[in-house]
1. In segment 226-249, which residues are free of Cβ contacts under 8 Å to residues at least 24 places away in the same chain and open to solvent by less than 60 Å² (accessible area, probe 1.4 Å)?
2. All but one of (1) within 16 Å of the ligand (Cβ to nearest atom); (2) open to solvent by 20 Å² or more (accessible area, probe 1.4 Å); (3) in a loop (DSSP other than H, G, I, E, B); (4) in contact with a strand residue (DSSP E or B) (Cβ under 8 Å, 6 or more places away or on another chain) hold for Trp148, so report the exception by its number.
3. Just name the residue that is nearest to Ala382 (Cα to Cα) out of those in segment 230-253 that are in contact with a Gly (Cβ under 6 Å, 6 or more places away or on another chain) and near the ligand (Cβ under 10 Å from one of its atoms).
4. Condition check: assigned by TED's automatic domain parsing to the domain that holds Gly58, in contact with a helix residue (DSSP H, G or I) (Cβ under 6 Å, 6 or more places away or on another chain) and within 11 Å of the ligand (Cβ to nearest atom). Does Ile221 satisfy that?
5. Filtering segment 200-210 down to residues that are in a helix (DSSP H, G or I) and surrounded by fewer than 23 Cβ atoms within 10 Å (Cβ to Cβ), which residue is farthest from the ligand (Cβ to nearest atom)?
6. Can you pull out the residues in segment 265-292 that are without any contact (Cβ under 8 Å) to a residue 60 or more places away in the chain and of a type in the set (Gly, Ala, Ser)?
Amino acid sequence: MLEIKNYIGGVFQAALDGETLEDYNPATAECIATIPRSKVNDVQMAVDAAHSAQSEWGALSMLERADWLDRIADALEKKHEHIAQTESMDTGKPISLARRVDASRSVSNFRFFAGFSREQSEMTFEMADAMNYVHRSPVGTVGLITPWNLPLYLLSWKVAPALLMGNTIVAKPSEITPLTANILAETLHELDLPSGVFNLVHGLGPEVGQSILEAPGIKGISFTGGTATGRIVARTAAPMFKKLSLELGGKNATIVLKDADLSLAVDGAVRAAFTNSGQVCLCGSRILVDSAIAEEFTKRFIEKVNSISIGNPSLDETVMGSVISPEHLEKVESYIELGLAEGGTVLTGGTRAMTGFTGPDGVGAFLRPTVVSGLSYTSRCATEEIFGPMVTLHTFDSEEEAIVMANHSEYGLAGSVWTKDLERGRNFATKIDTGIVWVNTWLHRDLRTPFGGVKNSGVGREGGKWSMEFFSEMTNICVKNPDSPE
Ligand code: TXE
């Protein structure tokens, strides 16, 4: 049993009041760790430590901090397998996915921002009689709050640019997936990152998370998580004029046009639907297919879904593991029941996967990938974020109808369009109200591009220069040419 501590001012320590929470492996139902149940005093200690470190860290050049990011990437790379094994154990995701996505991307997030920053030059604007220089300085101490679906992937996505731009950090991972954040803290400690630059406080969202939002010494919040919590974040932090970046939920459409390459579209739609058991904000949880090809597509889609191997996440051959918790399993099952109540038909799945892989308290939180057809695109199952291994299948008779269906959502994060005609796909994508659209692919990521959504999927963009801008303040310095007349 791991006893995880907070990491504050370069010291691993329990919560001041000694309270702890338990952390479970959702595939086996085993308790694998305890974490501090931190409160406001722990947060204040972290903020004080960050403030003490701020001036020295902020005084480094961006290039010196970029070198730090490379050192962190190198150190995490040496722990790639340890990160993957730990992430798989903490989330129930297959070890193959934890290796390929979570551990690898956590390393590349640091490597990317180090390299990207070296390609940037100072922004200037020349006038006839003056030159404007845009100077960037740190925001100061920032709060980074992250969810349980891609724990270190999403934490490192924020930590890297925050450090690069000279900020100090108070980070809070999800209380149900704390372990790889701890590996990051251990790694930064081993590298002798100056004490107080990075602080990690564990605990419940409404307690320690809320305290981070309310801490006057925290000048910016970068949050990834559910839309409901995003509202709390905004309501709390906005009146304090903190900088805010909100990456929230999604209900993304996979749109298969009549001329799509069917095998490409089927493979892409299955990946988009069930990667990480559908627990990725970018997942394609609504599949819209031209009625002319719907029968053939559905047949091949169901065959592909039925070939997904569900099982023990620690086995290399496992493609789908458990969902994040028994509670989340029940939430997804409630949507399967709702789908039937709304007149839908379960084409495959809908039941718990008795994988034969059981923990001490019985079968882990395994649910078969589930496809429901026959629902209106306005039904609750087709409009509410389920965030699990359940998708709905719909048909359309025209591109115009497909666009209306795709945009009938409170969310606007991502989507994918499948067609052989690339110009048509690109033009179609401009009509989809989301922050990201893939054409004939899914989750294909260039980290320089803007990442984020509209409507209930959040506010702001992260990635490349957008992250650098979020994690810095600009001062425009206008210098008059001495020899030019006033
Ligand atoms: O998010 P939460 P969770 C969606 C998806 C999922 C839902 C809940 O719908 O079912 O969010 O997932 C902290 N003040 N996505 O539980 O609850 C909390 O402790 C400050 C989409 O992960 O929003 C955790 O660290 N912090 C998302 C973080 O917020 C608070 C990926 C996220 O928790 C808080 C994951 C508070 N009052 C889930 N309450 C995406 N867009 O990728 C909670 N937290």
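1. Correct list: Ala238 only.
2. (4)
3. Among residues in segment 230-253 that are in contact with a Gly (Cβ under 6 Å, 6 or more places away or on another chain) and near the ligand (Cβ under 10 Å from one of its atoms), the one nearest to Ala382 (Cα to Cα) is Gly249.
4. Judged against the criteria, Ile221 is a match.
5. Glu207
6. Within segment 265-292, just Ala292 meets the criteria.
Table: residues versus (1) acidic (Asp, Glu); (2) surrounded by fewer than 19 Cβ atoms within 10 Å (Cβ to Cβ); (3) at pLDDT 95 or above; (4) assigned by TED's automatic domain parsing to the domain that holds Arg286.
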{"residue": "His328", "(1), (2), (3), (4)": "no, no, yes, yes"}
{"residue": "Tyr335", "(1), (2), (3), (4)": "no, no, yes, yes"}
{"residue": "Leu338", "(1), (2), (3), (4)": "no, yes, yes, yes"}
{"residue": "Val346", "(1), (2), (3), (4)": "no, yes, yes, yes"}
{"residue": "Arg352", "(1), (2), (3), (4)": "no, yes, no, yes"}
{"residue": "Pro360", "(1), (2), (3), (4)": "no, yes, no, yes"}
{"residue": "Phe366", "(1), (2), (3), (4)": "no, no, no, yes"}
{"residue": "Val371", "(1), (2), (3), (4)": "no, no, yes, yes"}
{"residue": "Ser376", "(1), (2), (3), (4)": "no, yes, yes, yes"}
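Each row is one residue, and each column tells you yes or no for (1) open to solvent by 20 Å² or more (accessible area, probe 1.4 Å); (2) of a type in the set (Ser, Thr, Tyr).
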residue: Ser104; (1), (2): yes, yes
residue: Arg118; (1), (2): yes, no
residue: Tyr133; (1), (2): yes, yes
residue: Arg136; (1), (2): yes, no
residue: Ser156; (1), (2): no, yes
residue: Thr180; (1), (2): no, yes
residue: Leu188; (1), (2): no, no
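The values are calculated or read from the model by the stated rules, or taken from the named source; none is laboratory data. Bear in mind that the values here come from a model prediction, so they are computed numbers and not experimental data. All Cβ positions, glycine included, derive from the backbone under ideal geometry; neighbour counts span all protein chains shown. In case anyone asks, the SASA skips ligands and DNA or RNA and just uses the protein heavy atoms, side chains included. Shrake-Rupley method; radii C 1.70, N 1.55, O 1.52, S 1.80 Å.
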